[in-house]
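*Asks:* Have a look at this one before I ask anything.
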Amino acid sequence: MIACFSRLAGLVLALAAGAALAAPPQVYDDPGVLVLGRISDDPKSHYEQLKPLLDYVVPRMADVGIREGRILMARDAQQMASYLRRGRVDWVTETAGTGMLLQARANAAPLLLTERDGVQHYHSVFFARRDSGIDGLGDLKGRRLAFQLPSSTSAYFVPAGALLAEGLQLEILLSPQDRMQSEAVGYLFARSELNISTWVHKGLVDVGVMSNLDWGNPQRMPAAFRDDLVVFARSADYPRAIELVRGDLEAPVLARLREVLIQAARDPDAGDALLRFFKTTRFLPLDDASLQALGRIGRDVERVRAEVE
């Protein structure tokens, strides 16, 4: 009986904690509250990464009327776009691809470039086995390719856009064993970079795509695989991550948020909060090259949505 009660109490506490992380959007109508949003499949972990920086930012925005900060999680880009359109979320941290999707769907405005772990820009790489006979994107007709996830910038939106720009068609496969019946590029979602590298190495698919950072990470591209694989194409560089705000955020709040985030890298009190915020090292103004890259990714995202999904 005692054990049963303990399990029940634990369940109640867990449900209460979950409710706190996913509070109903009605509580976010107060203009004195700054709401930081995140698309998440792990709200508890992401809450712990977001909260320290929000706690750092809020006291430094008192002069523009901000007195409290809250976090609102969304299950996917569609829900986050709804939150932004309805003014439920003020500030979002995202990858470039999803950020441009939110710009198109919800008029979100790019605010700053986010440097993570010292990296401002990265790119996507296409790779295959050395003995595959694949030398370029034009060789992919009738081949099988592994993306990571439908939300990935480096391992879906950018490489899929590059294939469409090459004049190739994309067709989803049921499994790695599914055979192509046309000259389209057959694709699957492998869900992790390690799966992508393993599938290519074992010959389950012909080609994989990932970021150059993942290509250089032995936990995602094991050293034992790399001698048998070769990069045969790459994309242009694009921002590692970006901060966005809702399009109708009050100008004084927007300007102060931008100022606080840029200055954070020079403030020792922000060090731990930045590190927890997805290993952020600093926030930077978006230069012309980064804005042009975001524009390209925005066009890639729209084309992939229209022609592939």
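The values are calculated or read from the model by the stated rules, or taken from the named source; none is laboratory data. None of the values given here were measured: they were computed from a predicted structure. Positions of Cβ are generated from backbone atoms using ideal geometry, with glycine treated the same way; all protein chains shown enter the neighbour counts.
*Asks:* Which residue pairs have Cβ atoms under 6 Å apart, sit 6 or more places apart or on different chains, and have a first residue in segment 236-254 that is assigned by TED's automatic domain parsing to the domain that holds Phe283 and farther than 21 Å from Thr281 by Cβ and a second that is of a type in the set (S, T, N, Q) and outside any strand (DSSP E or B)?
*Replies:* Gly247/Asn107
*Asks:* Checking the condition surrounded by fewer than 24 Cβ atoms within 10 Å (Cβ to Cβ), more than 18 Å from the chain's Cα centre (by Cα) and over 14 Å from Leu254 (Cβ atoms), which residue from Ala81, Ala62, Ala106, Ala74 passes?
*Replies:* The conditions single out Ala62.
*Asks:* Output the qualifying pairs, or none if there are none: Cβ atoms under 6 angstrom, residues six or more apart or on different chains, first residue in segment 213-226 and outside the structural domain of Ser192 (by TED's automatic domain parsing), second residue assigned to a loop (DSSP other than H, G, I, E, B).
*Replies:* Short answer, once both residue conditions are applied: none.
*Asks:* Same structure again: Under 7 Å by Cβ, and 6 or more places apart or on different chains, what pairs join a residue from segment 47-75 that is within 14 Å of Val92 (Cα to Cα) with one that is acidic (Asp, Glu)?
*Replies:* Listed by first residue and then by second, the contacts come to Gly69/Asp55.
*Asks:* Still on this structure, I have one more. Run down Val89, Val158 and say which single residue is touching a helix residue (DSSP H, G or I) at 6+ places or on another chain (Cβ under 8 Å), modelled with pLDDT of 95 or more, of a type in the set (A, V, I, L, M) and not assigned by TED's automatic domain parsing to the domain that holds Asp288.
*Replies:* The match here is Val158.
*Asks:* Could you list all residues from segment 198-212 that are part of a helix (DSSP H, G or I) and crowded, with 16+ Cβ neighbours inside 10 Å?
*Replies:* Within segment 198-212, Thr198, Trp199, Val200, His201, Asn212 qualify.
*Asks:* Now for a separate question. For segment 24-45, name all the residues that are modelled with pLDDT of 90 or more, in contact with a Phe, Trp or Tyr (Cβ under 9 Å, 6 or more places away or on another chain) and not in a strand (DSSP E or B).
*Replies:* Ser40
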